[in-house]
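Undergrad: Let me begin by handing over the structure; questions about it come next.
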Amino acid sequence: MASNDVLIELKSIWRHFTSGTETVAVLKNISLTIHRGEMVAIVGASGSGKSTLMNIIGCLDMPTIGEMWVKSISTRHASSDEIAQLRSQNIGFIFQRYHLMPYLNARENVAIPALYTAMPAAERQKRAEYLLTRLGLQQRMNYKPVQLSGGQQQRVSIARALMNGAEIILADEPTGALDSASGQELMGILHSLHEAGHTIIIVTHDHDVANQAQRIIEISDGEIIADRSNERAASLIPQVALPAAQATGRSPFWQSIQEAIRMAWRSLLGHRVRAFLSMLGIIIGISSVVSSMAVGEGARQSILAEISQLGTSTLEIRPGLGWDKPRPDFERALSLDDVTMIGQAAYVDSISPEVGKFTRAIRGGKELMVSVSGVSNGYFRVQGLNFRSGNGFTQGDLDDREPVVILDPQLAKTLFPNDEDPMGEIIQMSGIPLRVIGVAEKKGPKSSNSIPGAWIPYTSLLVRMSGDTPVEAISLRVRDGYSLLEAQKDVEIRLDRAHGRRDFFTLTNDQMTQTIQKASASMSLLITVIAGISLLVGGVGVMNIMLVSVTERTHEIGIRLSVGARPIDIMRQFLVEAMVVCALGGAIGIAGSMLAGVIFSWLTTEFTMAFTWPPVVLACGFSALIGLGFGFFPARNAARLHPTEALARE
Ligand code: ADP
Ligand code: MG
C-alpha cells in the first residue's frame, strides 16, 4: 500500500507501570504500522498487554518511551487538546463492558461525543436516532442501559463510537461479555463498518473472532511475536469511501455552558436529597444576610424618618457622656434649674424638660399601660406636635400644677371609643384624676412599637405622681436666624460652668442622624461578617459534596474523556455544577427571606423588613463566587483524572 495510506504508526513503544517501588515494562519495544481500511486483530493471553496497547493507539494513554503518529500527528508533541480532538473526531472505542452512563437513555448515551462538538442539538438527536435505527435499536431509544441486554448495550456503544464519524474503530474484547449469537451479530456489524471504509482494530483472545480479520498480530508478555496476514479471511477492498468525519470543530463557549448547565441540572435531579443538603449551608447563609440587612434597613429608615420630622433647629441635652457611654452615676445630672438657666439665652425659641414615667391609665373600666411625659409648654413647639384638639398647656397649668393631660390619638381612641369626644373628660393615671385638655400627635410616621403616650405639665408629674423622677432630657428649639452649632457650644459652656464638670451630652438632629447611620453601618458590617462566615461554611459543604461527586463519577469522567472531552470540558462541567448548586441555594435563600418578610409583616408591626437591591445582588453574586471558588478544587481534580484509570473504576 502507498505510504500515504499509513493511518497509525508506532515506533519503539515502551510502557512502564510503577506500583510501589517496582517498575514493570508492560509493552516492550513495540513497532507497528496500520494502514487505512485495515481490519486487524490483536491476540494474546490475558495480561499480555493488549488493552494497554489499545489504549495507547486510542490516545487514552501515553507510551513511556517511543513515538506514535495518528494521521501524521505525533502524539508526543501534540497538546492535550489536540489529542482530545483526535479522540473526538477520529477514534471510536468499543469496550468489553460497554461503559454506558447508567442515568442516560440509549439516545442520550449515543449523543455524548457530539456534546463536545459544535453539532447543533437537533442534528445531534437526529443522528443518534439514525445510528440506533441502523443498528436495529429503533424500539429501544428511550431505554436506560439496565433495561437493555448485553448485545443491545454493545450496539449502543457502537452507535456512540460512530457518532462523530470516527474512521478508526477500536474494540477491546467486544464479544467478551456476549453470548455467541450476540457475538456473531456484533462481528457482522464490524464487518459492515469495515466494508464501509472504517479501520477496525479488535483486541481478542478468541481465535474464531481473530480469524475473521485480514491481519492478526500476536503479542505475548508485551512483545509482538507474530504479525501475519490472514489468508482465510476474504481480503476485502473497501467498496464505499467513508464520508469524512464532519469537521464540526469544538462547541462555541455559550453552547458548551448551556450544555454544562443542562448536565448539571440532570445530575442534581438525580441526587435531589444530596443536592439539597449541600445547598443548605448556602441557603441559610444567604437568607440570613438578606434578612438581617432588611431588618437593619427597616429600623434605620423608620428612625431616620422620625428624626427628620424634628427639623434642623432642635437640640437635645441628655445626662451621661453619650449614647455609647452610659453613666448611671450621672443619671440626675440635669435639673429644672438648668432649664431655667438655658431658657434665658437669646437664641432659645422654646425649651422643655422631659421627665418620663410608665403608669396605668384608667377610664370607665378600660385600663392600659401608657408612657406619660412631664413637659413644659415649649415641648410641643420643639417637637413640632400637631394638635387635633386643644392647644397645649398654659403657663397657669404649669405654675399651678394643674391635673390636666394631653393624649396621643392612640390613647384617646382606646379610652374613648366610638368617636366620643375626650375634651373635658376625666381619666385616672397613677390614681390621680386628670382632665383631658387636648389630643396631639407626633408628625411623621408612627413609630410602630411605641406604647400609647400622654403629656402632663412636668410640675404636675413631679408633684402629684412621682417627686423623685430625674430629668431625662432637655430639648430646645433655636430661634430662626441663630446658628444651631453656636447655640450648642453656648449650652455646653453654660452647663459646664453650672455643673462644674462634664456630666451631660448634647445632640443636634444631624448628629443623631450621623450616630444612627454610624451605628447601623457598623451593625451591617457585623452582620455581613457573620453571614460571610456562614456562607464560607456553606461553601465548604458544597466543596465536600462536589469532591464526593467527582469520586463517585470517576467512571463517567473516564467515558467522557474517551469520547473526546477535553480536560477543560470536564472542569467546566463540574464548575458549572457547583455554581448551579450555589446559585440555586442563593435564590432559595433570597426567596425564603422575602417570604419571611411578608409573614412577619402580617404577624407583627414590631419591626419592618426593607429589602433593598444591593444586598440581594451582592448575595447572588457572592453565592455564585462561592460556587466558583469552592467548586474549583473538585473540578480540577476531575479534570486531572487519567482516562484509563478513570475508566477502570466502576
Ligand atoms: P490484557 O488486556 O492483555 O489482558 P493489560 O494490557 O490489561 O492486559 O495488562 C497488562 C499488564 O499490565 C497486566 O499485568 C496488568 O496488571 C498491568 N497493568 C495494566 N494497567 C496497569 C496499571 N494502570 N498499573 C499497573 N499495572 C497495570
Ligand atoms: Mg484487556
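Undergrad: Of the residues that sit in the range 362-387 and are under 29 Å from Leu507 (Cβ atoms) and open to solvent by 70 Å² or more (accessible area, probe 1.4 Å), which one is modelled with the highest pLDDT? If you could, list the steps in order and put the result at the bottom.
TA: Quick first cut of the range 362-387, residues under 29 Å from Leu507 (Cβ atoms) only: 369-387.
Those still in the list that are open to solvent by 70 Å² or more (accessible area, probe 1.4 Å) too: 369, 381, 386.
On the way: Met369: 89, Arg381: 83, Asn386: 83.
Ranking the candidates gives Met369 first.
Undergrad: Also: Check the range 470-485 and report whether any residue there is in a helix (DSSP H, G or I), outside the structural domain of Gly629 (by TED's automatic domain parsing) and open to solvent by 80 Å² or more (accessible area, probe 1.4 Å).
TA: yes
Undergrad: In the range 562-611, how many are touching a residue at least 40 places away in the same chain (Cβ under 8 Å), in a helix (DSSP H, G or I) and not basic (Lys, Arg)? I'd like the intermediate steps shown before the answer.
TA: Looking only at the range 562-611, we keep the residues that are touching a residue at least 40 places away in the same chain (Cβ under 8 Å), and these are 562-586, 588-590, 592-594, 596-597, 605-611.
Restricting the remaining residues to those that are in a helix (DSSP H, G or I) gives 562, 567-586, 588-590, 592-594, 596-597.
Add one more test, that the residue is not basic (Lys, Arg), and what stays is 562, 567-571, 573-586, 588-590, 592-594, 596-597.
Qualifying residue count for the region: 28.
Undergrad: Kindly indicate whether any position in the range 529-537 is open to solvent by less than 20 Å² (accessible area, probe 1.4 Å), at pLDDT below 85 and in contact with a Cys (Cβ under 8 Å, 6 or more places away or on another chain).
TA: Within the range 529-537, not a single residue is open to solvent by less than 20 Å² (accessible area, probe 1.4 Å), at pLDDT below 85 and in contact with a Cys (Cβ under 8 Å, 6 or more places away or on another chain).
Undergrad: For Ser350, all conditions in the list (1) under 26 Å from Thr515 (Cα atoms); (2) within 50 Å of the chain's Cα centre (by Cα); (3) open to solvent by less than 20 Å² (accessible area, probe 1.4 Å); (4) not aromatic (Phe, Trp, Tyr) hold save one; what is the number of the exception?
TA: Every condition holds for Ser350 apart from (2).
Undergrad: Something else: Just one of (1) open to solvent by 50 Å² or more (accessible area, probe 1.4 Å); (2) in a strand (DSSP E or B) trips up Thr359, so point out which.
TA: (1)
Undergrad: Let me ask something additional. Which of (1) over 18 Å from Val203 (Cα atoms); (2) within 12 Å of ligand 1 (Cβ to nearest atom) is the odd one out, the single condition Leu53 does not satisfy?
TA: Leu53 satisfies every listed condition except (1).
Undergrad: Here's another thing I want to ask about it. So Ala299 ticks every box in (1) buried (at least 20 other Cβ atoms within 10 Å of the Cβ); (2) out of contact with any strand residue (DSSP E or B) (no Cβ under 9 Å at 6 or more places or on another chain) but one. Which box is left unticked?
TA: Only one criterion in (1) buried (at least 20 other Cβ atoms within 10 Å of the Cβ); (2) out of contact with any strand residue (DSSP E or B) (no Cβ under 9 Å at 6 or more places or on another chain) is unmet by Ala299, namely (1).
Undergrad: Still on this model: For the range 1-29, give me each residue that is within 16 Å of ligand 2 (Cβ to nearest atom) and out of contact with any Phe, Trp or Tyr (no Cβ under 8 Å at 6 or more places or on another chain).
TA: From the range 1-29, those within 16 Å of ligand 2 (Cβ to nearest atom) are 15, 17, 24, 26-27; that's our starting set.
If the condition is that a residue be within 16 Å of ligand 2 (Cβ to nearest atom) and out of contact with any Phe, Trp or Tyr (no Cβ under 8 Å at 6 or more places or on another chain), then Arg15, Phe17 are the ones that fit.
Undergrad: Moving on. Could you please tell me which pairs satisfy a Cβ distance under 7 Å, a separation of 6+ or placement on different chains, a first residue in the range 40-59 that is in contact (Cβ under 8 Å) with a residue 24 or more places away in the chain, and a second residue that is near ligand 1 (Cβ under 6 Å from one of its atoms) and assigned to a helix (DSSP H, G or I)?
TA: Here the result reads Ile42/Lys50; Gly44/Lys50, each pair linking the range 40-59 to a residue that is near ligand 1 (Cβ under 6 Å from one of its atoms) and assigned to a helix (DSSP H, G or I).
Undergrad: Against the definition (open to solvent by 10 Å² or more (accessible area, probe 1.4 Å), more than 26 Å from Gln214 (Cβ to Cβ) and within 13 Å of ligand 1 (Cβ to nearest atom)), how does Thr64 come out, yes or no? Don't jump to the end; show me each part of the working.
TA: On the way: open to solvent by 10 Å² or more (accessible area, probe 1.4 Å): yes; more than 26 Å from Gln214 (Cβ to Cβ): yes; within 13 Å of ligand 1 (Cβ to nearest atom): yes.
Against the criterion (open to solvent by 10 Å² or more (accessible area, probe 1.4 Å), more than 26 Å from Gln214 (Cβ to Cβ) and within 13 Å of ligand 1 (Cβ to nearest atom)), Thr64 qualifies.
Undergrad: Of (1) open to solvent by less than 20 Å² (accessible area, probe 1.4 Å); (2) closer than 21 Å to Trp69 by Cβ, Leu186 satisfies all except one. Which?
TA: That leaves (2) as the condition not met.
Undergrad: So, one more: Yes or no: Val110 buried (at least 21 other Cβ atoms within 10 Å of the Cβ), more than 16 Å from ligand 2 (Cβ to nearest atom) and touching a residue at least 60 places away in the same chain (Cβ under 8 Å)?
TA: Working: buried (at least 21 other Cβ atoms within 10 Å of the Cβ): yes; more than 16 Å from ligand 2 (Cβ to nearest atom): yes; touching a residue at least 60 places away in the same chain (Cβ under 8 Å): no.
Judged against the criteria, Val110 is not a match.
Undergrad: It is to be established whether one or more residues within the range 193-211 are within 16 Å of ligand 2 (Cβ to nearest atom), open to solvent by 50 Å² or more (accessible area, probe 1.4 Å) and in a strand (DSSP E or B).
TA: Within the range 193-211, none of the residues are within 16 Å of ligand 2 (Cβ to nearest atom), open to solvent by 50 Å² or more (accessible area, probe 1.4 Å) and in a strand (DSSP E or B).
Undergrad: Also: I want to confirm something. Restricting to the range 9-50 and keeping residues that are open to solvent by 50 Å² or more (accessible area, probe 1.4 Å) and near ligand 1 (Cβ under 8 Å from one of its atoms), which single residue is modelled with the lowest pLDDT?
TA: So, considering only residues that are open to solvent by 50 Å² or more (accessible area, probe 1.4 Å) and near ligand 1 (Cβ under 8 Å from one of its atoms), the one modelled with the lowest pLDDT is Ser19.
Undergrad: Of all residues in the range 393-419, count the ones that are within 17 Å of Ala361 (Cα to Cα), part of a loop (DSSP other than H, G, I, E, B) and open to solvent by 30 Å² or more (accessible area, probe 1.4 Å).
TA: Step one: list which residues in the range 393-419 are within 17 Å of Ala361 (Cα to Cα), which gives 403-417.
With the extra rule that they be part of a loop (DSSP other than H, G, I, E, B), the set shrinks to 403, 408, 416-417.
Checking the rest, the ones that are also open to solvent by 30 Å² or more (accessible area, probe 1.4 Å) come to 403, 417.
Of the residues in that region, 2 qualify.
This table checks each residue for (1) within 22 Å of the chain's Cα centre (by Cα); (2) among the β-branched types (Val, Ile, Thr); (3) modelled with pLDDT under 80.
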{"position": "Ser287", "(1), (2), (3)": "yes, no, no"}
{"position": "Gly296", "(1), (2), (3)": "no, no, yes"}
{"position": "Ala305", "(1), (2), (3)": "no, no, yes"}
{"position": "Gly311", "(1), (2), (3)": "no, no, yes"}
{"position": "Ile317", "(1), (2), (3)": "no, yes, no"}
{"position": "Leu321", "(1), (2), (3)": "no, no, no"}
{"position": "Arg327", "(1), (2), (3)": "no, no, no"}
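Undergrad: Under 7 Å by Cβ, and 6 or more places apart or on different chains, what pairs join a residue from the range 172-189 that is in the same structural domain as Ala45 (by TED's automatic domain parsing) with one that is within 16 Å of ligand 1 (Cβ to nearest atom) and assigned to a helix (DSSP H, G or I)?
TA: Asp172/Ser51; Asp172/Met54; Thr175/Val209; Met187/Val209
Undergrad: Kindly indicate the residue of the range 59-74 that is within 19 Å of Thr199 (Cα to Cα) and touching a helix residue (DSSP H, G or I) at 6+ places or on another chain (Cβ under 7 Å) and also nearest to ligand 2 (Cβ to nearest atom) among those meeting that condition.
TA: Leu60
One line per residue, one yes/no per condition, for (1) among the aromatic types (Phe, Trp, Tyr); (2) modelled with pLDDT of 85 or more; (3) open to solvent by 70 Å² or more (accessible area, probe 1.4 Å); (4) within 16 Å of ligand 2 (Cβ to nearest atom):
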position: Gly586; (1), (2), (3), (4): no, yes, no, no
position: Ala596; (1), (2), (3), (4): no, yes, no, no
position: Thr605; (1), (2), (3), (4): no, no, yes, no
position: Ala619; (1), (2), (3), (4): no, no, no, no
position: Gly631; (1), (2), (3), (4): no, yes, no, no
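The values are calculated or read from the model by the stated rules, or taken from the named source; none is laboratory data. Owing to the predicted nature of the structure, the values given are computational and were not obtained by experimental measurement. Because the Cβ atoms are built from the backbone with ideal geometry, glycine has one as well, and the counts that use them run over all protein chains shown. Please note that ligands, DNA and RNA were not included when accessible areas were found on the heavy atoms of the full protein model with its side chains. Shrake-Rupley method; radii C 1.70, N 1.55, O 1.52, S 1.80 Å.
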